[in-house]
Amino acid sequence: MVFSFDLLVNAVVSGILIGGFYAAVTSGVSLSFGILDIVNIAHPAFIILGSYLAYVANATLGVDPIVASIVMMPLFYVLGSGIYQIYYVSFEKRGQESLRGLAFFFGLLFITEVTLVLYFGVDYRYVEAAYIGPSWHFAMLDIPLRILVPCLVSLALTAGLQIFLTHSFLGRAVMAVAQDQLALRLMAVDPIKIKRIAFGISIATASLAGAFLIIIQPVEPSVGREYIGRIFAICVLGGMGSLPGTVIAAMLLGIVESLTSTFYGPSWAPAVSFGFLLLTLAVRPAGLLGR
Amino acid sequence: MRTPVFLLIWLVVSAAVFAASVWLGNDYIFFAGYVVLQYVVLGTAWNILGGYCGYVNFGSAAFFALGAYSTVAIYKLTTENDLYGMPIPVLMLIGGVVSGVVGFGMGYLTLRLRGAFFAIATLALAVVLQTLVVNWDYVGGSRGAYIIRPEQIEPVGNYIRYLFLIMMLLAVAAITTARLIEHSRLGYGFASIRDDELAAEASGVPTLRLKLIATTISGALMGMAGAPFPYYIGYLQPSSTFGLDYAVNSIAMPLIGGTTSWVGPLIGALLLGSLQQIATVTISSAVNLLIVGFLLVIFVIIAPNGIVGLIHTFLQRKPEDFVGRRPVEAEMPGRVP
């Protein structure tokens, strides 16, 4: 492929935009894995679930997918806190979260995927909205709105989460529960309740991220698996539990992936995140903005 | 029981099973039995790392596929250059070496960190290896690869019987290895890592080296299980070879059977494998995967020690337990971060 400046700039810009979307996808995991230390590998499955619910709402009622997913966030919150309750009672309380807890989430991932396959089949599904299709043109830049809109909403979501974590009592309690449960208990706060709330929020973000995903690309049930490597690579690279780090890492990964698929072909893109993950783990396990 | 005696008993059992299957005369038994035995190997291999050391490997499919694709690569190499095809036991050794080396490399990069990172890396490994294979035209790329299976082989006769026999021997080898590890210094080292890695490290157990040994053995066995697969299936395609069902099955079988000894994966694989074969024929293959998923989740929640654990607690109950006295359950104190 001929190397040209136009191509390079466009690849970088679309990488940044995709990175914004990755930030939304990862912020949930940053919360659960980074802060609560719950290795929720089923997160991508919940994102796909969000995509399908947005698809159903869009196809049957004609609702905008983002609006639909925001409406469905409370539902995901309830689902998330329910899952945490099961996880806590069966694994965390018994001190078995490392092996059986992981297997539990893997089972959830698998059940969700197979159920979606059984119900919807393996055809690709997509949504319709006014901003899907047109692009903005500046000089040599091409900005498709279907990526710009999710990117902006996603950055707003991540910023909102960050403000919640640093400026509200509940958010500070969430940060504290990661550090010292006993101290939190001395403040008359139930750490389990805080964790339940935080995990609920983490799953709730999956609803929105799912809508973004189906806006950006057509979705079929196994697409989520490609995101497992990506999500955890971003989470680890950004520094566990740091949302600003997550945004930076997400954009970095977005740019590298976009450059790879522009200059080497899109079929190589999934390998990039894995390289990132291994490199980070080998060189700087604490991540970019790790504490 | 001494290991040679143990091995001998299993060889006799295998011979009996093989003779019985031949006597029944239906080749379908060999086709179905091959898959069940393959899961015995995969489950046992997973358990050497997962059950004994407590490190979760989600990439069983990747190691399995590595074995299968090294066979494809060698098959292409030999047929294109008009060489004689290699016998399956040699292919298994090669597959085992390839997967073992990859397991070692992965382990070296991630096992120094917390356990979760290893699990995530294995999950991502499957995606990356699939990307590599899809982009590698020599082994068929995304179109897949055909392998022409010989009709007959001396002295077994029908080729599928030969494959069945080989897989059975591998299963016996895997079980014997697992049992051997259990009763050796290596096994006690593994158990100390599983129970408390920090304490093990502090008392001089070379944890990283032991973990690497476990990863290598486990990966190699998975690769060996995958090596004959192209000959079994005839047409190998990346998306099914790297499928999540291998990963979920090789985790579900030990966890459902019981992870602390070699018996668990064996029971789990025989039960779940046969159940799946029956469900695939009578219901559908997607539904049987759903059954496995649900069984996995239910078992890890309700019966943490699997079927073996259930049998144990049942046998150890004293009469007074049945009239209302419950054993005192020690609650875990807060986890040290």
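Within region B:314-324, is even one residue open to solvent by less than 50 Å² (accessible area, probe 1.4 Å) and modelled with pLDDT under 85? Within region B:314-324, none of the residues are open to solvent by less than 50 Å² (accessible area, probe 1.4 Å) and modelled with pLDDT under 85.
Residues that are out of contact with any Leu (no Cβ under 8 Å at 6 or more places or on another chain) and within 14 Å of chain B (Cβ to nearest Cβ) were ranked within region A:36-78; the one that is surrounded by the fewest Cβ atoms within 10 Å (Cβ to Cβ) is A:Asp37. Of the helices (runs of 4 or more DSSP H) entirely within region B:1-105, those holding at least 1 residues that are surrounded by 22 or more Cβ atoms within 10 Å (Cβ to Cβ) and not aliphatic (A, V, I, L, M) occupy B:27-53, B:60-80. Selection within region A:230-259: residues that are over 11 Å from the mean Cα position of the chain (by Cα) and within 11 Å of another protein chain (Cβ to nearest Cβ). The member of this set that is most open to solvent (accessible area, probe 1.4 Å) is A:Met240.
Scan region A:260-270 residue by residue and report those that are within 10 Å of chain B (Cβ to nearest Cβ) and part of a helix (DSSP H, G or I). A:Ser267, A:Trp268, A:Ala269, A:Pro270 - these are the residues of region A:260-270 that are within 10 Å of chain B (Cβ to nearest Cβ) and part of a helix (DSSP H, G or I).
A Cβ distance below 7 Å, combined with a sequence gap of six or more or placement on separate chains, defines the contacts here; from region A:79-101, residues that are more than 8 Å from chain B (Cβ to nearest Cβ) and over 13 Å from B:Val56 (Cβ atoms) reach residues that are open to solvent by less than 10 Å² (accessible area, probe 1.4 Å) and not in a helix (DSSP H, G or I) in the pairs A:Tyr87/A:Ile38. For A:Ser154, the conditions (1) hydroxyl-bearing (Ser, Thr, Tyr); (2) buried (at least 20 other Cβ atoms within 10 Å of the Cβ); (3) in contact with a Lys or Arg (Cβ under 7 Å, 6 or more places away or on another chain); (4) within 28 Å of A:Ser14 (Cβ to Cβ) all hold with the exception of (3). Right, B:Ile217: within 20 Å of B:Ser60 (Cα to Cα), surrounded by 20 or more Cβ atoms within 10 Å (Cβ to Cβ) and either at pLDDT below 90 or of a type in the set (A, V, I, L, M, F, W, C) (or both) or not? Yes, satisfied. Among the residues in region A:142-149, are any more than 9 Å from every other protein chain (Cβ to nearest Cβ), farther than 30 Å from B:Ile48 by Cα, open to solvent by 70 Å² or more (accessible area, probe 1.4 Å) and touching a residue at least 12 places away in the same chain (Cβ under 8 Å)? Within region A:142-149 (the criterion being more than 9 Å from every other protein chain (Cβ to nearest Cβ), farther than 30 Å from B:Ile48 by Cα, open to solvent by 70 Å² or more (accessible area, probe 1.4 Å) and touching a residue at least 12 places away in the same chain (Cβ under 8 Å)), the answer is yes, since at least one residue qualifies. Where helices (runs of 4 or more DSSP H) fall wholly inside region B:233-306, the ranges with 1 or more residues that are farther than 30 Å from B:Trp136 by Cα and modelled with pLDDT of 85 or more are B:244-257, B:263-282, B:285-302.
Scanning region B:128-163 for residues that are surrounded by 14 or more Cβ atoms within 10 Å (Cβ to Cβ), part of a helix (DSSP H, G or I) and more than 14 Å from chain A (Cβ to nearest Cβ) yields B:Val139, B:Tyr159, B:Ile160, B:Arg161, B:Tyr162, B:Leu163. Right, A:Ala204: assigned to a helix (DSSP H, G or I), within 14 Å of another protein chain (Cβ to nearest Cβ) and closer than 22 Å to A:His43 by Cα or not? Judged against the criteria, A:Ala204 is not a match. Quick one: is A:Ile194 closer than 27 Å to B:Ser239 by Cα, open to solvent by less than 30 Å² (accessible area, probe 1.4 Å) and either of a type in the set (A, V, I, L, M, F, W, C) or within 14 Å of chain B (Cβ to nearest Cβ) (or both)? No: the conditions fail for A:Ile194.
The values are calculated or read from the model by the stated rules, or taken from the named source; none is laboratory data. Predicted, not measured: the structure shown is a model, and the values here were computed from it. Positions of Cβ are backbone-derived with ideal geometry, glycine not excepted, and every protein chain shown enters the neighbour counts. We work out accessible area using only protein heavy atoms, side chains counted, and drop any ligands, DNA or RNA first. Shrake-Rupley method; radii C 1.70, N 1.55, O 1.52, S 1.80 Å.
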